[in-house]
Amino acid sequence: MDIKLSQCFIAVDDHDAAIAFYRDVLGLEVRNDVGFEGMRWVTVGSPSQPDVNIVLEPPVAHPNASETDKLAMAELMAKGLLHGVIFSTDDVDATFERVSAAGADVLQEPMDQPYGVRDCGFRDPAGNLLRFSQPLKR
């Protein structure tokens with residue numbers, strides 16, 4: 001049996017701002033941007049990983065979610081407590097410079113971690129945690 005990651009989801013409150021960040025700042029390609037059942041279905045992904053998509057979705061995309069659920073999810077998203085994604089890169093320091101120069105909210109400057117990676121952290125325009133890492137040279 002062969003199991004691979006196909007899609008992961010990131011909650012966004014503004015698709016246009018999210019597309020601008022993931023496409024223009026991170027260099028991901030927009031693969032889908034279509035209306036679907038009253039919502040917008042947007043996927044992005046790395047050109048080097050054509051089989052892996054990141055779905056940029058509203059915080060509560062479930063049609064049966066109550067208004068209370070929607071408000072709770074919006075509050076969690078505003079606090080940055082929803083999804084997080086870790087990207088790998090071949091140059092954490094260059095990635096940090098590029099993303100921070102674009103005005104992203106910096107959570108952690110590049111640093112060597114005891115578990116064998118050099119990484120940094122940001123929040124995207126919706127407040128989601130994004131980390132970028134590369135293996136430490138030994």
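Looking only at the chain, where both bridge partners belong to it, what percent of the DSSP beta bridges are antiparallel (to the nearest 5)?
70
Could you tell me the relative contact order of segment 19-85? Use alpha-carbon pairs under 8 Å, at least six residues apart, and round to a whole percent.
For segment 19-85, the relative contact order is 18 percent.
In whole angstrom, how far apart do the alpha carbon centroids of segment 8-51 and segment 66-102 sit?
Spelled out, the Cα-based centre of one part sits 13 Å from the other.
Hey, what angle do you get for helix 67-78 against the long axis of the chain, alpha-carbon based, 0 to 90 degrees rounded to 10?
Its long axis makes an angle of about 20 degrees.
Could you sort the peptides 110-118, 71-79 by per-residue average Cβ neighbour count (10 Å cutoff), highest mean leading?
Working: 110-118: 12.3, 71-79: 14.2.
Highest to lowest by the protection proxy: 71-79, 110-118.
Among the lysines, which have Cα under 19 Å from the Cα of residue 70 when same-chain residues fewer than 8 positions away are ignored?
Counting by Cα, and skipping residues close in sequence, residue 70 has these lysines nearby: 79.
What's the local net charge at residue 14, with K and R +1, D and E -1, over the other residues with C-beta under 13 Å away? The partial results should precede the final answer.
Details: positive: 40; negative: 13, 16, 57, 124.
Here the charged neighbours net out to -3.
With viscosity set to 1.002 mPa s and temperature to 20 °C, compute the Stokes-Einstein D of the chain, Rh being the Kirkwood radius across alpha carbon pairs; µm²/s, no decimals.
134
If you stretched the chain out fully between residue 39 and residue 52, how much longer would it get, using 0.36 nm times the residue separation minus the C-alpha to C-alpha distance?
Full extension of this stretch gives 2.5 nm more.
No lab work stands behind these numbers, since they all come straight from the coordinates. Because the structure is a prediction, the values reported are computed rather than measured. Ideal geometry is used to build each Cβ from the backbone, glycine not excepted, and the neighbour counts take in all protein chains shown.
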